[in-house]
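The values are calculated or read from the model by the stated rules, or taken from the named source; none is laboratory data. Because the structure is a prediction, the values reported are computed rather than measured. Backbone-built Cβ (ideal geometry, glycine too); neighbour counts: all protein chains shown.
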Amino acid sequence: MAGKAKSTAGSLLGDDELAREGRLQEAQADAETEAARDRDEARRAEGEANAEARRAELERERDELRNEIRDEESEAAIERDRDRAEAAADVRAAGDKAAAEAERRAGERTAAAADREAARQEQRARALDPEEGR
C-alpha cells in the first residue's frame with residue numbers, strides 16, 4: 001500500500017526516484033504475497049500427499065488384515081476337515097473292531113458247535129460199537 005502511494009506521489013510530483021522506490025516497494029509486496037501464496041499451496045499439497053500416503057498405508061494394513069483373516073479361516077477349515085476325517089476314521093475303526101469281534105464270537109460259536117457235534121458223533125459211535133473206544 002505504501003509503495004503504491006509513493007509511486008503515485010512520485011509520478012504526480014515528477015520525482016522519479018520516489019516513483020521508482022514506490023514501484024520497488026509494490027513489487028516487493030507482490031513478491032511477498034506470491035511467496036506466501038506459494039507457501040500455502042506447498043503446505044496444502046504436502047497435506048494432501050500426507051493424507052494420500054496415510055490412505056495408502058491404511059489400505060495396505062486393511063489388505064494385510066484381510067489376508068490374515070482369510071488365512072486363519074482357511075486354517076480353521078483345514079482343522080475342521082481334519083477333525084471330521086479323524087472322527088470318521090474313528091467311527092470306521094470302531095465298526096471294524098465291532099465286526100472283527102462279532103466274527104470272532106461267531107467263530108467261537110461255530111467251533112463250540114463243531115465240538116458238540118463231534119462229541120455227539122463220538123458218543124453215537126461208542127453206542128454203536130462200545131468196544132471201539134477202549
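The figures follow:
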quantity	calculated
Selected residue [among the acidic types (Asp, Glu) and modelled with pLDDT of 95 or more] from Asp115, Asp81	Asp81
Exclusive hit being over 24 Å from the mean Cα position of the chain (by Cα) and of a type in the set (Lys, Arg), set Arg60, Arg66, Arg84, Arg105	Arg105
Residue among Ala93, Ala112, Ala35, Ala127 that is exposed (fewer than 10 other Cβ atoms within 10 Å of the Cβ) and assigned to a helix (DSSP H, G or I)	Ala127
